[in-house]
Amino acid sequence: QVQVVESGGGLVQAGGSLRLSCVASGIIFRINDMGWYRQAPGKQRELVATITSGGDTNYADSVKGRFTISRDNAKNTIYLQMNSLKPEDTAAYYCKGDIQQASTWRTRVYWGQGTQVTVSS
């Protein structure tokens, strides 16, 4: 069984920084693309940033220049360094992984349970 678990959320003042982590665990053969998404109350879930297994990245326009996604393949972990946080960044942040299980050889998308980020003005 594969799990994806986020951590690192919290309350921060505007202009501050947070670092989110996401670990994939279980009987994993390969992890392809991974990414961070967020959902604010009353809004749809939106892409924040993605990273391929080779390290290619993609960002939402709203976070470019402020957020950095990175990946440690040896630890099956991705990170989201968030700087210059704004109140509009307040949301639940979810990790998504495209993961192939070693036990079944099946590839599917896994979502974490989310971690809350709250930015006060």
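The values are calculated or read from the model by the stated rules, or taken from the named source; none is laboratory data. What you are looking at is a predicted structure, and each value in this text was computed from that prediction instead of being measured. With ideal geometry, Cβ positions are generated from the backbone for all residues, glycine too; neighbour counts draw on all protein chains shown. All accessible areas refer to the heavy atoms of the entire protein, side chains included, with ligands and DNA or RNA removed. Shrake-Rupley method; radii C 1.70, N 1.55, O 1.52, S 1.80 Å.
Towards the positive end of the charge dipole of the chain, with charges on Cβ (+1 Lys, Arg; -1 Asp, Glu), say which of Asn73, Gly10, Ile28 has the farthest Cα.
It is Ile28.
Around Leu18, under 13 Å between beta carbons, what's the net of Lys plus Arg minus Asp minus Glu among the other residues?
Every neighbour counted, the sum reads +2.
Near Leu85, within a Cβ-to-Cβ distance under 13 Å, what is the net charge of the other residues, with Lys and Arg +1 and Asp and Glu -1?
Summing Lys and Arg as +1 and Asp and Glu as -1 gives +2.
Hey, can you find the accessible area per residue of the range 10-81 for me, probe 1.4 Å, expressed in square angstrom?
Using a 1.4 Å probe on heavy atoms only, each residue of the range 10-81 averages 55 Å².
Which of the listed residues, Ala40, Ile51, Gly97, is farthest toward the dipole's positive end in the range 31-100, when Lys, Arg count +1 and Asp, Glu count -1 at the beta-carbon?
It is Ala40.
So, with a 1.4 angstrom probe, what is the percent of accessible area on the chain that is carbon and sulfur?
Looking at the chain in its full context, I get 45 percent from C and S.
Below 8 Å, C-alpha to C-alpha, sequence gap of six or more: please give me the relative contact order for the range 1-96 in percent.
35 percent
Work out the length of the dipole vector of the chain about its Cα centre, built from +1 on the beta-carbon of each Lys and Arg and -1 on the beta-carbon of each Asp and Glu, and round it to the nearest 20 debye.
140 debye
Show me the ranking of peptides 107-114, 30-37 by mean Cβ neighbours inside 10 Å, starting with the highest.
30-37, 107-114
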